[in-house]
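Worksheet: one structure, shown below.
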Amino acid sequence: MNLNAKDYISEQEFWNIIEQSEKGKNLEHILMPITRQEIIGYVYWWIYFNKISYRQDLWAVAYTVLGGCSDDGFDYFRFWLVARGKEVFYEALENADSLCNEFLNLSDDEYPEAEDFDYAYINVFNQRFGEDSFYSDEECDFDYTRPEIVFTWNEDDEESIRNIIPKTFDKWWGNDIF
């Protein structure tokens, strides 16, 4: 993994990009004019924040709100979470139940998953530097390995989920909104 990439942009610059992207809605537009190294720095932080949010308490939130959540679905949920911005993201890391009311802030056309956000930087990189250049660029050789999760909840035991995220569970379990 390109360990220098974290120095190409700061963490705050990453969050500024997220903020400017209007929760990811125009992420490609925001990434398009920045330099190659800044895009690579953005990717470093994107992967970093997606790795540190790969946690069982956040998966319990996604599972509860979405009525189930596969591995891929949890990836897309975390992409959505990062796109919500620095404050929401860090509050969720401190207390996953803090997301309970965040779902009320979604517009009718929003969904708490965002698969496309993970492709934005690849699309921009390839448009700017040549087709398939992201995957052939040595500086873009990132480690996408997820950390190991030890689950203390079980999808067949509602109470075990409620124990992890009681506020979210009580408000969203069995909802038919998402």
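The values are calculated or read from the model by the stated rules, or taken from the named source; none is laboratory data. Computed from a prediction, not measured in an experiment: that's the story for all the values here. Methodologically, a virtual Cβ is constructed for each residue, glycine included, from the backbone with ideal geometry; neighbour enumeration extends over all protein chains shown. Areas reflect the complete protein model, heavy atoms only, side chains present, ligands, DNA and RNA absent. Shrake-Rupley method; radii C 1.70, N 1.55, O 1.52, S 1.80 Å.
Could you tell me the distance between the Cα centroids of the range 22-43 and the range 87-166, to the nearest Å?
17 Å
Do any GluC sites (Glu not before Pro) in the range 81-168 lie in a loop, going by DSSP, with at most 10 other beta-carbon atoms within 10 Å of their beta carbon, and if so which? Walk me through the numbers before you get to the answer.
Numbers: sites: GLU87, GLU91, GLU94, GLU102, GLU110, GLU113, GLU115, GLU131, GLU138, GLU139, GLU148, GLU155, GLU158, GLU159; in loops: GLU110, GLU113, GLU115, GLU131, GLU148, GLU155.
Hits after loop and neighbour filter: GLU131, GLU148.
Quick one: how many lysine pairs does the chain have with C-alpha atoms less than 18 Å apart and a gap of 8 or more or different chains? Give me the count, please. Each step should come with its number before you reach the end.
Numbers: LYS6/LYS51; LYS6/LYS86; LYS23/LYS86; LYS25/LYS86; LYS51/LYS86.
Close lysine pairs found across the chain: 5.
If ligands, DNA and RNA are left out, what is the accessible area of ARG146 with a 1.4 Å probe, given in Å² to the nearest 10?
Approximately 90 Å² of ARG146 is accessible to the 1.4 Å probe.
Among rounded, prolate and oblate, which fits the chain when a ≥ b ≥ c are the square roots of the eigenvalues of its C-alpha gyration tensor, a/c under 1.5 means rounded, and a/b larger than b/c means prolate?
Values: a/c = 2.23, a/b = 1.83, b/c = 1.22.
Verdict is prolate for the chain.
From the Cα gyration tensor of the range 1-52, with a ≥ b ≥ c the square roots of its eigenvalues, which class applies: rounded if a/c is under 1.5, or else prolate if a/b is larger than b/c, or else oblate? Please list the in-between numbers first.
Details: a/c = 2.00, a/b = 1.36, b/c = 1.47.
The shape class here is oblate.
Extension gain GLU115-THR145, at 0.36 nm per residue separation less the Cα-Cα distance, in nm? Could you put the intermediate results ahead of the total?
Details: separation 30, 0.36 × 30 = 10.80 nm, distance 1.75 nm.
Full-extension gain reported as 9.1 nm.
Relative contact order of the chain, please, whole-number percent, based on alpha carbon pairs below 8 angstrom and at least 6 residues apart. Numbers along the way, then the final one.
Values: 190 pairs, mean separation 56.8, N = 178.
Relative CO of the chain lands at 32 percent.
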